[in-house]
Each structure stands twice: as C-alpha cells, then as structure tokens.
Amino acid sequence: MTLRKLLRMNKNYENFNVMLIKIIKAKKYKKITIPELSDKIRISATAVEKNIAKLKQRDLLKRIGPDKGGYWEISSQVRTAARS
C-alpha cells in the first residue's frame, strides 16, 4: 500500500499508531517531526505526541539523537511482525 493511499484511508483508521509506524518506516520520513506527522495524519500534535509516547513505552519506537537532527528508529519487533 502506498503512503498516499494510506493517508487517504485516514478516516478509516481507529489506531493512529499503525499510521505513525508506517509513515516513519518509509525511508524518507525517518527524520520527520511531530508537527509534520500531525499534518500528514491530520490529528493534533498533542495526539501525535501521546501516540508516540505509547509506542516508546512499549519499546516499538525510539528516538535516536537530539530533537533537532535526530531520527526515529522502529523496533525489530515491528519489522518482524510486518514481514509475517
């Protein structure tokens, strides 16, 4: 599924965590910011922050480096599950 189709299906998703993971998984979005994620998913920046906090708490998402210049890393658990 392309990112464009995924974004069009935004209203059908009940779990924004899936969308966050799929967007960050795309190589060109590894350095995406919270406001940019907010715009792409069409939810508030606060909602993105809360969803990211949940993903971090479950060790599914990790921020590498500083807020400026860092990037997102997806856990190997997520990568393995996506291949299945």
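The numbers here are math on the coordinates, done by the rules we state, and not lab data. Given the structure is predicted, the values throughout are model-derived calculations rather than measurements. Glycine also receives a Cβ, built like all others from the backbone with ideal geometry; neighbour counts cover every protein chain displayed.
Details
- Amide H contacts under 5 Å for residue 61, placed H, 5+ residues apart: 56, 75
- Where labels lie 7 Å past Cα in the beta-carbon direction, separation of residue 38 and residue 77 in nm: 2.8
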